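Peer 1: Got a structure here, written out as structure tokens. Questions coming.
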Amino acid sequence: MARIGFLGTGEIAGAMVRGLAGQGHRILVSERNADHAAMLARTIPEVTIAANPQVVAGSDVVIACLMAATARQVLPDLPWRSDHTIISVMVDVPHGDLATLCAPATDIALTIPMPFISSGGCPLPVFPDAASVTALFGARNLVLPVASEVALNAHFAASALSAPILRLLAEGTGWLARETGDPVAAEAYVTALFAGYMTPDGTGRHFAGLLDSLATEGGLNAALRAALEDLGAPAALGAGMDTLRPRLGLPPATGAAS
Ligand SMILES: NC(=O)c1ccc[n+]([C@@H]2O[C@H](COP(=O)([O-])OP(=O)(O)OC[C@H]3O[C@@H](n4cnc5c(N)ncnc54)[C@H](OP(=O)(O)O)[C@@H]3O)[C@@H](O)[C@H]2O)c1
């Protein structure tokens, strides 16, 4: 059981609160967004709404879920203690900046939840390796310590694969639904199809192996893949990820996209 506070009660905070519900924690959420905070307090018994200073003062673990510019304004004025544990999910606020903004607290970890942390099964890259993240989220999610902040930021870039890949899946599912007239069945088919691919084989080339198995000459998969490659789609994705490098402090790309 922990006293947990959330600063910034938005999309990702709400998902994390729901993921922590029912485990005996006492959870304080900050007042903004007011409607979202009220909904969480109404539906989850252990949630109480408080002003930012009370969230920090009344918590042992503070989870920072603010936008970066807000964090830089708000964090320095809060009553931080040296015994606070801080978990930041914020992009664009490096570990060193957090240490300054939240002094004298030093137990600070960065991680990258996704909205489905609400129901568990979320990969959680974390830097530095932190007992707090494992203790709160490890039982239901996959905690993946990474070796450096640069590596963590590369995972931020990879987390941004979600929207473009989901966009492609939505496009393909919509295409199927238009053909069959049944959007519910189309969704069921495509989600089950891709769930079947999503158990890594532990070789580090799981997706490459799957592509090999779908490369039958003259097959539909090979034909559609070739059509998309002719349009530049896979290379465009790698190039798109490279555009995130400056913002995330990643070194310039060294090789051509495959
Ligand atoms: N969404 C994701 O999937 C995701 C995943 C990983 C990491 N993150 C990170 O999580 C952070 C939040 O993202 P989000 O998607 O949850 O954004 P969001 O829904 O906009 O949440 C931000 C929250 O901060 C609140 N806020 C604004 N000013 C505040 C203040 N002075 N004091 C307290 N709260 C204040 C906002 O309230 P108002 O609406 O009233 O302004 C809003 O509820 C970002 O740094 C993002 O990089 C998000």
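The values are calculated or read from the model by the stated rules, or taken from the named source; none is laboratory data. Quantities reported herein were computed from a predicted structural model and do not represent experimental measurements. Reconstructed Cβ throughout: ideal geometry from the backbone, glycine too, with neighbour counts over all protein chains shown. Calculation scope for accessible area: heavy atoms of the full protein, side chains included, ligands and nucleic acids excluded. Shrake-Rupley method; radii C 1.70, N 1.55, O 1.52, S 1.80 Å.
Peer 1: Using only the alpha carbons of the chain, determine the length spanned along each of the three principal axes and report them from longest to shortest in whole angstroms.
Peer 2: Principal axes ranked by extent give 65, 44, 31 Å for the Cα atoms.
Peer 1: Using only the Cα atoms of region 3-146, what do you get for the radius of gyration and for Dmax, in Å?
Peer 2: Radius of gyration, then largest Cα-Cα span, for region 3-146: 13.6, 37 Å.
Peer 1: Whole angstrom only: what separates the Cα centroid of region 1-67 from the Cα centroid of region 169-207?
Peer 2: Between the Cα centres of region 1-67 and region 169-207 lies a distance of 34 Å.
Peer 1: Taking just the C-alpha trace of region 10-71, give me its Rg and Dmax in Å.
Peer 2: Cα radius of gyration and Dmax of region 10-71 are 10.8, 33 Å respectively.
Peer 1: Then there is this: Leaving out ligands, DNA and RNA, what percent of the accessible area of the chain is carbon and sulfur, probe 1.4 Å?
Peer 2: Looking at the chain in its full context, I get 62 percent from C and S.
Peer 1: Shifting gears a bit: Tell me, what is the per residue accessible area of region 3-146 in Å², probe radius 1.4 Å?
Peer 2: 42
Peer 1: If you don't mind, there's one more thing I want to ask. List the pair-distance distribution P(r) of region 122-258, using every Cα-Cα distance, as the percent of pairs falling in each 5 Å bin from 0 up to the bin containing the longest distance, rounded to whole percents.
Peer 2: All Cα pairs considered, the percentages come to 2, 8, 11, 16, 20, 17, 12, 8, 4, 1, 0.
Peer 1: What nm value, rounded to one decimal, do you get for the distance between ALA151 and ALA68 when each label is placed 7 Å out toward the C-beta?
Peer 2: Label at ALA151, label at ALA68, 2.2 nm between them.
Peer 1: Order 31-41, 87-97, 208-218 from most to least packed using the mean count of other Cβ atoms within 10 Å.
Peer 2: With the highest mean Cβ count within 10 Å placed first, the list reads 87-97, 31-41, 208-218.
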